[in-house]
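Here is the structure we will look at, set down as C-alpha coordinates.
The values are calculated or read from the model by the stated rules, or taken from the named source; none is laboratory data. Small disclaimer: the values here were computed from a predicted structure and weren't measured. A quick note on method: Cβ atoms are made from the backbone with ideal geometry, for glycine too, and the neighbour counts reach across all protein chains shown. Calculation scope for accessible area: heavy atoms of the full protein, side chains included, ligands and nucleic acids excluded. Shrake-Rupley method; radii C 1.70, N 1.55, O 1.52, S 1.80 Å.
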Amino acid sequence: GAVVSQHPSRVICKSGTSVKIECRSLDFQATTMFWYRQFPKQSLMLMATSNEGSKATYEQGVEKDKFLINHASLTLSTLTVTSAHPEDSSFYICSASTRGGRGEQYFGPGTRLTVT
Amino acid sequence: AQSVTQPDIHITVSEGASLELRCNYSYGATPYLFWYVQSPGQGLQLLLKYFSGDTLVQGIKGFEAEFKRSQSSFNLRKPSVHWSDAAEYFCAVGTSNDYKLSFGAGTTVTVRA
(Lines give C-alpha, C1' and ligand atoms only; values in the text may rest on other atoms or scores of the structure.)
Protein backbone atom coordinates (compact mmCIF):
# COMPACT_ATOMS: atom_id res chain seq x y z
CA GLY A 1 0.00 0.00 0.00
CA ALA A 2 0.83 3.73 -0.05
CA VAL A 3 2.19 3.83 -3.57
CA VAL A 4 2.98 7.11 -5.28
CA SER A 5 3.71 7.33 -8.97
CA GLN A 6 5.26 10.09 -11.03
CA HIS A 7 5.07 10.69 -14.72
CA PRO A 8 7.18 11.08 -16.70
CA SER A 9 10.25 9.48 -15.17
CA ARG A 10 12.50 11.39 -17.54
CA VAL A 11 11.88 14.39 -19.74
CA ILE A 12 14.06 16.47 -21.99
CA CYS A 13 12.75 19.82 -23.14
CA LYS A 14 14.07 22.84 -24.94
CA SER A 15 14.80 26.08 -23.16
CA GLY A 16 11.74 28.31 -23.03
CA THR A 17 9.17 25.55 -23.12
CA SER A 18 7.01 24.33 -20.24
CA VAL A 19 6.87 20.86 -18.83
CA LYS A 20 4.29 19.21 -16.59
CA ILE A 21 5.05 16.50 -14.06
CA GLU A 22 2.26 14.43 -12.55
CA CYS A 23 2.22 12.90 -9.09
CA ARG A 24 -0.45 10.37 -8.20
CA SER A 25 -1.29 8.48 -5.05
CA LEU A 26 -2.43 5.12 -6.36
CA ASP A 27 -4.05 3.45 -3.38
CA PHE A 28 -4.80 6.16 -0.87
CA GLN A 29 -6.14 9.67 -0.68
CA ALA A 30 -3.43 12.26 -0.27
CA THR A 31 -4.63 15.27 1.64
CA THR A 32 -1.21 16.86 1.30
CA MET A 33 1.40 16.55 -1.39
CA PHE A 34 4.93 17.89 -1.33
CA TRP A 35 7.30 18.74 -4.14
CA TYR A 36 11.04 18.48 -3.68
CA ARG A 37 14.02 19.25 -5.83
CA GLN A 38 17.25 17.32 -5.54
CA PHE A 39 20.57 18.29 -7.04
CA PRO A 40 23.21 15.62 -7.69
CA LYS A 41 24.77 14.25 -4.54
CA GLN A 42 22.65 16.55 -2.40
CA SER A 43 19.69 16.32 -0.10
CA LEU A 44 16.07 17.06 -0.89
CA MET A 45 14.97 20.66 -0.92
CA LEU A 46 11.30 21.26 -0.24
CA MET A 47 9.82 23.50 -2.90
CA ALA A 48 6.17 23.63 -1.95
CA THR A 49 3.34 22.02 -0.06
CA SER A 50 -0.07 21.57 -1.60
CA ASN A 51 -3.36 20.64 -0.03
CA GLU A 52 -6.21 19.36 -2.12
CA GLY A 53 -8.40 22.15 -3.38
CA SER A 54 -6.29 25.01 -2.11
CA LYS A 55 -3.33 27.01 -3.30
CA ALA A 56 0.14 25.66 -2.79
CA THR A 57 2.42 27.10 -0.15
CA TYR A 58 5.87 27.79 -1.52
CA GLU A 59 9.11 27.75 0.41
CA GLN A 60 11.18 30.88 0.58
CA GLY A 61 13.13 31.47 -2.57
CA VAL A 62 10.97 29.28 -4.82
CA GLU A 63 9.36 31.20 -7.67
CA LYS A 64 5.67 30.37 -7.61
CA ASP A 65 5.12 31.76 -11.10
CA LYS A 66 7.80 29.48 -12.47
CA PHE A 67 6.83 26.35 -10.62
CA LEU A 68 3.06 26.05 -10.87
CA ILE A 69 1.50 23.49 -8.59
CA ASN A 70 -2.03 22.21 -8.84
CA HIS A 71 -3.62 19.73 -6.44
CA ALA A 72 -6.97 19.24 -8.06
CA SER A 73 -7.96 15.98 -6.43
CA LEU A 74 -7.05 13.76 -3.53
CA THR A 75 -4.95 11.57 -5.79
CA LEU A 76 -3.29 13.96 -8.22
CA SER A 77 -0.93 16.89 -8.00
CA THR A 78 0.94 18.44 -10.89
CA LEU A 79 4.07 20.54 -11.09
CA THR A 80 4.51 22.66 -14.19
CA VAL A 81 7.90 24.18 -14.84
CA THR A 82 7.17 27.20 -17.00
CA SER A 83 9.64 28.73 -19.44
CA ALA A 84 12.23 26.20 -18.43
CA HIS A 85 15.92 27.04 -18.52
CA PRO A 86 18.99 24.84 -18.19
CA GLU A 87 19.35 25.79 -14.53
CA ASP A 88 15.95 24.16 -13.90
CA SER A 89 17.45 20.81 -14.82
CA SER A 90 17.17 18.66 -11.75
CA PHE A 91 15.56 15.64 -10.14
CA TYR A 92 12.04 16.45 -8.95
CA ILE A 93 10.42 14.22 -6.37
CA CYS A 94 6.90 14.36 -5.03
CA SER A 95 5.55 12.86 -1.86
CA ALA A 96 2.13 12.44 -0.36
CA SER A 97 0.73 12.19 3.10
CA THR A 98 -2.63 11.55 4.65
CA ARG A 99 -4.49 13.40 7.35
CA GLY A 100 -3.46 11.96 10.66
CA GLY A 101 -0.39 10.32 9.22
CA ARG A 102 1.83 12.22 11.63
CA GLY A 103 4.15 13.44 8.96
CA GLU A 104 4.87 10.16 7.25
CA GLN A 105 5.37 10.88 3.59
CA TYR A 106 5.27 8.40 0.75
CA PHE A 107 7.61 9.27 -2.07
CA GLY A 108 7.31 8.95 -5.79
CA PRO A 109 10.18 7.58 -7.90
CA GLY A 110 11.17 11.04 -9.13
CA THR A 111 11.37 12.79 -12.49
CA ARG A 112 14.64 13.69 -14.14
CA LEU A 113 14.23 16.98 -16.03
CA THR A 114 16.87 18.04 -18.52
CA VAL A 115 16.50 21.41 -20.21
CA THR A 116 18.64 21.87 -23.31
CA ALA B 1 12.52 25.35 13.12
CA GLN B 2 13.75 21.81 13.12
CA SER B 3 16.99 20.64 11.54
CA VAL B 4 18.93 17.44 11.01
CA THR B 5 22.64 16.74 10.92
CA GLN B 6 24.17 13.64 9.44
CA PRO B 7 27.84 13.94 10.35
CA ASP B 8 29.11 11.24 8.01
CA ILE B 9 29.06 12.07 4.32
CA HIS B 10 30.38 8.73 3.16
CA ILE B 11 30.84 5.38 4.89
CA THR B 12 32.48 2.30 3.44
CA VAL B 13 31.75 -1.01 5.06
CA SER B 14 32.61 -4.61 4.23
CA GLU B 15 29.83 -6.98 3.36
CA GLY B 16 28.73 -8.82 6.48
CA ALA B 17 30.04 -6.13 8.80
CA SER B 18 27.84 -3.98 10.99
CA LEU B 19 26.73 -0.51 10.00
CA GLU B 20 25.79 2.52 12.04
CA LEU B 21 24.70 5.82 10.55
CA ARG B 22 24.51 8.85 12.78
CA CYS B 23 21.71 11.38 12.89
CA ASN B 24 21.29 14.33 15.23
CA TYR B 25 18.26 16.55 15.22
CA SER B 26 17.32 19.90 16.62
CA TYR B 27 13.75 20.47 17.72
CA GLY B 28 12.20 21.81 20.89
CA ALA B 29 9.49 19.22 21.35
CA THR B 30 9.20 15.53 20.64
CA PRO B 31 9.99 15.06 16.98
CA TYR B 32 8.76 12.60 14.44
CA LEU B 33 11.87 10.88 13.09
CA PHE B 34 12.38 8.95 9.90
CA TRP B 35 15.08 7.13 8.00
CA TYR B 36 14.79 6.84 4.24
CA VAL B 37 16.97 5.05 1.69
CA GLN B 38 17.50 6.16 -1.88
CA SER B 39 19.05 4.09 -4.63
CA PRO B 40 20.60 5.98 -7.56
CA GLY B 41 18.00 7.70 -9.70
CA GLN B 42 15.15 6.52 -7.52
CA GLY B 43 12.72 7.98 -5.03
CA LEU B 44 12.94 7.48 -1.30
CA GLN B 45 11.87 4.36 0.54
CA LEU B 46 10.94 4.53 4.19
CA LEU B 47 13.10 2.27 6.35
CA LEU B 48 11.60 3.08 9.73
CA LYS B 49 9.98 5.80 11.78
CA TYR B 50 9.63 6.97 15.36
CA PHE B 51 6.64 8.81 16.71
CA SER B 52 6.51 7.85 20.38
CA GLY B 53 6.78 4.89 22.71
CA ASP B 54 9.54 2.33 22.53
CA THR B 55 12.74 4.13 21.65
CA LEU B 56 14.17 1.20 19.71
CA VAL B 57 12.33 0.82 16.45
CA GLN B 58 12.60 -1.94 13.93
CA GLY B 59 12.34 -1.33 10.25
CA ILE B 60 12.51 -3.11 6.96
CA LYS B 61 15.55 -4.87 5.52
CA GLY B 62 16.92 -5.66 8.96
CA PHE B 63 17.47 -2.05 10.01
CA GLU B 64 16.79 -0.62 13.44
CA ALA B 65 17.18 2.79 15.02
CA GLU B 66 17.28 4.09 18.55
CA PHE B 67 15.85 7.40 19.67
CA LYS B 68 17.91 9.01 22.42
CA ARG B 69 16.31 12.18 23.64
CA SER B 70 19.24 13.12 25.87
CA GLN B 71 21.57 13.07 22.89
CA SER B 72 19.05 14.35 20.31
CA SER B 73 20.01 11.40 18.19
CA PHE B 74 18.32 8.78 16.06
CA ASN B 75 21.10 6.52 14.80
CA LEU B 76 20.43 3.80 12.26
CA ARG B 77 22.01 0.37 12.61
CA LYS B 78 22.22 -2.91 10.78
CA PRO B 79 24.09 -5.91 12.23
CA SER B 80 25.26 -7.35 8.91
CA VAL B 81 25.18 -5.42 5.66
CA HIS B 82 24.53 -6.87 2.26
CA TRP B 83 25.88 -5.54 -1.03
CA SER B 84 22.35 -4.37 -1.85
CA ASP B 85 22.48 -1.96 1.08
CA ALA B 86 24.77 0.33 -0.89
CA ALA B 87 22.71 3.50 -1.29
CA GLU B 88 22.12 6.98 0.04
CA TYR B 89 20.51 7.22 3.46
CA PHE B 90 18.59 10.22 4.69
CA CYS B 91 17.47 11.02 8.20
CA ALA B 92 14.48 13.33 8.46
CA VAL B 93 12.60 15.09 11.23
CA GLY B 94 9.00 16.21 11.17
CA THR B 95 6.73 17.97 13.59
CA SER B 96 3.09 17.88 14.50
CA ASN B 97 2.68 21.51 13.43
CA ASP B 98 2.78 21.21 9.68
CA TYR B 99 4.09 17.72 8.91
CA LYS B 100 6.89 19.11 6.77
CA LEU B 101 10.05 17.08 6.79
CA SER B 102 13.54 18.45 7.16
CA PHE B 103 16.18 16.20 5.70
CA GLY B 104 19.79 15.72 6.60
CA ALA B 105 22.43 15.98 3.92
CA GLY B 106 22.53 12.23 3.54
CA THR B 107 25.15 9.52 4.03
CA THR B 108 26.43 7.50 1.11
CA VAL B 109 27.06 3.89 2.01
CA THR B 110 29.46 1.85 -0.07
CA VAL B 111 29.68 -1.89 0.52
CA ARG B 112 32.89 -3.65 -0.43
CA ALA B 113 33.11 -7.35 -1.06
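Quick notes on this one:
- Some residue of region B:65-79 being in contact (Cβ under 8 Å) with a residue 60 or more places away in the chain and either among the hydroxyl-bearing types (Ser, Thr, Tyr) or on the phi < 0 side of the Ramachandran plot (or both): yes
- Residues satisfying the stated conditions in region B:16-38, i.e. in contact with a helix residue (DSSP H, G or I) (Cβ under 9 Å, 6 or more places away or on another chain), within 12 Å of chain A (Cβ to nearest Cβ) and open to solvent by 30 Å² or more (accessible area, probe 1.4 Å): B:30
- Search result, residues across region B:47-57 that are within 12 Å of the chain's Cα centre (by Cα) and open to solvent by 40 Å² or more (accessible area, probe 1.4 Å): B:49
- Residue check for residue B:113: touching a residue at least 60 places away in the same chain (Cβ under 8 Å), exposed (fewer than 12 other Cβ atoms within 10 Å of the Cβ) and of a type outside the set (Lys, Arg): yes
- Residues that are at pLDDT 90 or above and not basic (Lys, Arg) were ranked within region A:33-43; the one that is most open to solvent (accessible area, probe 1.4 Å) is A:38.
- Count of region B:74-93 residues which are closer than 16 Å to residue B:29 by Cβ and either open to solvent by 30 Å² or more (accessible area, probe 1.4 Å) or in contact with an Asp or Glu (Cβ under 8 Å, 6 or more places away or on another chain) (or both): 1
- Restricting B:37, B:81 to residues that are closer than 25 Å to residue A:110 by Cα and of a type in the set (Val, Ile, Thr) narrows the list to B:37.
- Any chance residue A:72 is over 17 Å from residue A:19 (Cβ atoms) and open to solvent by 50 Å² or more (accessible area, probe 1.4 Å): yes
- Single condition residue A:115 does not satisfy, out of (1) open to solvent by 20 Å² or more (accessible area, probe 1.4 Å); (2) more than 14 Å from every other protein chain (Cβ to nearest Cβ); (3) in contact with a strand residue (DSSP E or B) (Cβ under 8 Å, 6 or more places away or on another chain); (4) not basic (Lys, Arg): (1)
- Region B:53-64 residues that are under 15 Å from residue B:36 (Cβ atoms), paired with ones that are assigned to a helix (DSSP H, G or I) (beta carbon under 8 Å, 6 or more apart): B:61/B:85
- Inter-residue pairs, beta-carbon under 6 Å, first within 8 Å of chain B (Cβ to nearest Cβ) and in region A:27-44, second part of a strand (DSSP E or B), 6+ apart: A:32/A:51; A:32/A:97; A:34/A:49; A:34/A:95; A:43/B:103; A:44/A:36; A:44/A:38; A:44/B:103
- Pairs are defined by a Cβ separation below 6 Å, a sequence spacing of at least 6 or placement on different chains, a first member in region B:41-52 that is among the hydrophobic types (A, V, I, L, M, F, W, C), and a second member that is open to solvent by 80 Å² or more (accessible area, probe 1.4 Å) and at pLDDT below 95; the pairs so defined are B:51/A:102.
- The combined condition, being closer than 19 Å to residue B:103 by Cα, away from every other protein chain (no Cβ under 11 Å) and touching a His at 6+ places or on another chain (Cβ under 7 Å), is not fulfilled by residue A:77.
- Of the numbered criteria (1) within 15 Å of residue A:38 (Cβ to Cβ); (2) more than 9 Å from chain B (Cβ to nearest Cβ), the one residue A:91 fails is (2).
- Yes/no for residue A:16 being open to solvent by 60 Å² or more (accessible area, probe 1.4 Å) and over 11 Å from the mean Cα position of the chain (by Cα): no
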